[in-house]
């Protein structure tokens, strides 16, 4: 009997609770949602201009070098120059890293002949007279031998990157390329070169860190000859240039690269243009050991002063064949004296 009473009580309580909930729900006031703002008839009143895809001009890339020559370009005199004007030309040329010898030659010419077509034109003519070297690049060897480009230079000048960019140029020209990772002393040098091989589609021969550089070059030549590769680009150690044993090692690598089946047809010294006159002292240390045939001048778009090109050719007697004017793979270009000088002087 007690159980029945408890059950009835629970049912009654639940029924009452359900009635209360229903009444509360019925008593709620519906809240209307706020009206939506009207959509504007025009969402965009002005279109932003698309970024330009134009490649920067050489003058734009050589901004730092070009700015050094601002004062020469501003001289409007024609004919004889005053002492003050000659001093301006002298200061500009020395600041541009042209060097004392070339500066003296240009000033002597201005004193004798004046500037019949304007100062900038007179300086242009003198600079071009100092850049008359032959700049052809050899890509072929004797019959049955593999042409080799050997690269030398101290660490930090952009040597490995230069090799990668030149490999891209050769592959784009239709030649097959093999890279020899002969810088076995710098940590990650071979890894960096292997990345360029992957990026450009070139083959590569490398060894473990500390291996003999000559053996790496020898192996690369053997494989290149067996596979019919068109050209081998060989890296070398880039440690300090003033160590006798290192220069002896460089001479050894060159001898290995020049033995059959290989033939060294170009030896490029890579120099950092931002180091100015210090690049000349670096170069002199390498010349005898490497028999350099051409200069690759990197970082010319940075804080470099373009006159270093003239100083290198006049003092070393070696032509600048390529210059780096940017970070992109296409920014290593063949050096053309007229385009270069005109970009500095606006003639």
- Message: For a Förster distance of 56 Å, can you work out the FRET efficiency between the beta-carbons of residue 245 and residue 87, rounded to the nearest 0.05?
- Response: 0.75
- Message: Suppose each label sits 7 Å from its Cα in the direction of the beta carbon; what would the residue 95-residue 67 distance come out to in nanometres?
- Response: 1.1 nm
- Task: Report the relative contact order of the stretch 58-129, percent, no decimals, based on alpha-carbon pairs under 8 angstrom and at least 6 residues apart.
- Result: 39 percent
- Task: Output the peptides 313-322, 289-298 sorted from most to least packed, where packing is the average of other Cβ atoms within 10 Å over each peptide's residues.
- Result: 289-298, 313-322
- What length, rounded to one decimal in nm, is gained on full extension from residue 208 through to residue 330, with 0.36 nm per residue of separation minus their alpha-carbon distance? 40.9 nm
- Mean Cβ-within-10 Å packing, highest first, puts peptides 183-189, 111-117 in the order 183-189, 111-117
- Item | Cα-based shape type of the stretch 234-343, given that a ≥ b ≥ c are square roots of the gyration tensor eigenvalues and the cut on a/c is 1.5 | prolate
- Item | Kirkwood Rh, Cα atoms: Rg over Rh of the stretch 146-292 | 0.94
- Message: Treating only the Cα positions of the stretch 58-129 as identical point scatterers, give the base-10 log of I(q)/I(0) from the Debye formula at each q in 0.17, 0.21, 0.25, 0.26 Å⁻¹.
- Response: -0.57, -0.87, -1.22, -1.31
- R0 = 30 Å: FRET efficiency of residue 175 with residue 133, Cβ-based, nearest 0.05? 0.75
- Message: Sort 122-133, 167-178, 327-338, 73-84 by packing, meaning the average of other beta carbons within 10 Å per residue, with the highest value first.
- Response: 122-133, 167-178, 327-338, 73-84
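Throughout, read-outs are computed from the coordinates displayed, never taken from laboratory work. This is a predicted model, so every value here is computed, not measured. Cβ atoms come from the backbone with ideal geometry, glycine included; neighbour counts cover every protein chain shown.
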